[in-house]
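The values are calculated or read from the model by the stated rules, or taken from the named source; none is laboratory data. Keep in mind it's a predicted model, so treat the numbers as computed, not measured. Methodologically, a virtual Cβ is constructed for each residue, glycine included, from the backbone with ideal geometry; neighbour enumeration extends over all protein chains shown. Please note that ligands, DNA and RNA were not included when accessible areas were found on the heavy atoms of the full protein model with its side chains. Shrake-Rupley method; radii C 1.70, N 1.55, O 1.52, S 1.80 Å.
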Amino acid sequence: MEATKNGRQAPSVPRVPIGRHGARALAHVARPVVLTGAIDAWGARLWTPQLLASEFGGACVRARFHEPADADAETDADAQVETDGLELELTMREFCAWLALAEPRSAAPGPLGALPAGASGYVSYARFHSVFGADARALSSVDWRALGLDVPAEASTLWVGSRGASTPCHQDAYGANAVAQLHGTKLWVLFPPSARASLRPSRVPYEESSIFARASASELRDAPGRLTAELGPGDLLLVPKHWYHAVTTVSPASISVNAWLDLPDDALDRAREALVRLVACALLPLGTGASERADGADGADGADGADGAD
């Protein structure tokens, strides 16, 4: 349990053994759930930064680095967006070598040595096919189909980050989300679609697959329906469609893999997104006033219009 600003306790996402849940229903859960024992047979359960550097060290990745966040700041959630910070193209070996340095990792060679003490680094949204290509060692290590999910390994997405690496609170526009935690620990904070008014989502600047919240840190703590989940190695989190979530690495390093699970109503949402894009693109030239004008586009937001349905 996690205390909110007003002293209330945020409930934890329930943990359920995989055998009690029925694997074929994973994409259709109504509320978040952490499944235990689901990925014990995966080869990727053995992945560590050292193993990634050894086995896949030559793979090219894009890593984004952010200065340490002020834990006491009450700034808007989108003050530090994912596209801020310094992005570097590195090999997996270089990034994992940086991860292996003693915190605050101030002795890194090359451009990594210029990072401020306490900076976080994140290889995020890294598609397997872009990182590993057709490497059978990687592709055979992840097996969604063994869980009854029609997702090939090459469609998986890799996340490797340091302490403090985070994804701001947002809602996925399409599908459900299956997240396998392989190494380290991440804190997930989740909100139901019904918390939309408190989270104050924005569509400008427009991003098709994500709708980011503008709520401040205190508003996020007190938003209705808040749930938390601390994912450790071997945990599998199911995030239902259109649930908002924010994620932070709380261990020195973390490795996770996810897959977005297609759902029957995604086609309708994609049509709605096309309409939202027309509105959002019309607002973009307005410059600094675009975020205020974005409120007018929220009503056209296909994801927000499907509250009953990541």
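Give me a comma-separated list of calculated 3J(HN,Hα) values for segment 214-222, in order, Karplus coefficients 6.51, -1.76, 1.60 applied at θ = phi - 60°, integers in Hz, x for any Gly or Pro.
Rounded to whole hertz, the list is 9, 4, 6, 4, 5, 5, 5, 5, 9.
Output wanted: per-residue J couplings in Hz (rounded whole) for segment 169-175, from phi through Karplus 6.51 cos²θ - 1.76 cosθ + 1.60, θ = phi - 60°, x for Gly and Pro.
Once θ is set to phi - 60°, the couplings for segment 169-175 become 4, 7, 10, 6, 6, 10, x Hz.
Would you grab the residues whose amide H sits under 5 Å from the one on residue 16? Only those 5+ places off in sequence or on another chain, please, with H modelled 1.01 Å from N.
Correct list: 34, 35, 36.
Shape of segment 97-238 from its Cα gyration tensor (a ≥ b ≥ c, root eigenvalues): rounded if a/c is under 1.5, otherwise prolate when a/b > b/c, or oblate? Write out the running numbers ahead of the final one.
Numbers: a/c = 1.79, a/b = 1.13, b/c = 1.58.
Oblate is the answer for segment 97-238, as a/c is 1.5 or above yet b/c matches or exceeds a/b.
Can you tell me the FRET efficiency between residue 218 and residue 251 if r is taken as the Cβ-Cβ distance and R0 is 35 Å, rounded to the nearest 0.05?
In this case the efficiency is close to 0.85.
Taking a probe of 1.4 angstrom, what is the accessible area of residue 186 in Å², to the nearest 10?
10
With the crude spin-label approximation of a point 7 Å out along Cα→Cβ, what separation in nm comes out for residue 268 versus residue 106?
The modelled label-to-label distance comes out at 5.6 nm.
Each residue of segment 251-260 in turn: what ³J(HN,Hα) in whole Hz from Karplus with 6.51, -1.76, 1.60 and θ = phi - 60°, glycine and Pro shown as x?
Once θ is set to phi - 60°, the couplings for segment 251-260 become 9, x, 8, 9, 10, 9, 9, 9, 9, 8 Hz.
Once label points are set 7 Å from the Cα along Cα→Cβ at both residue 84 and residue 15, what is their separation, rounded to one decimal in nm?
Those two pseudo-labels are separated by 3.4 nm.
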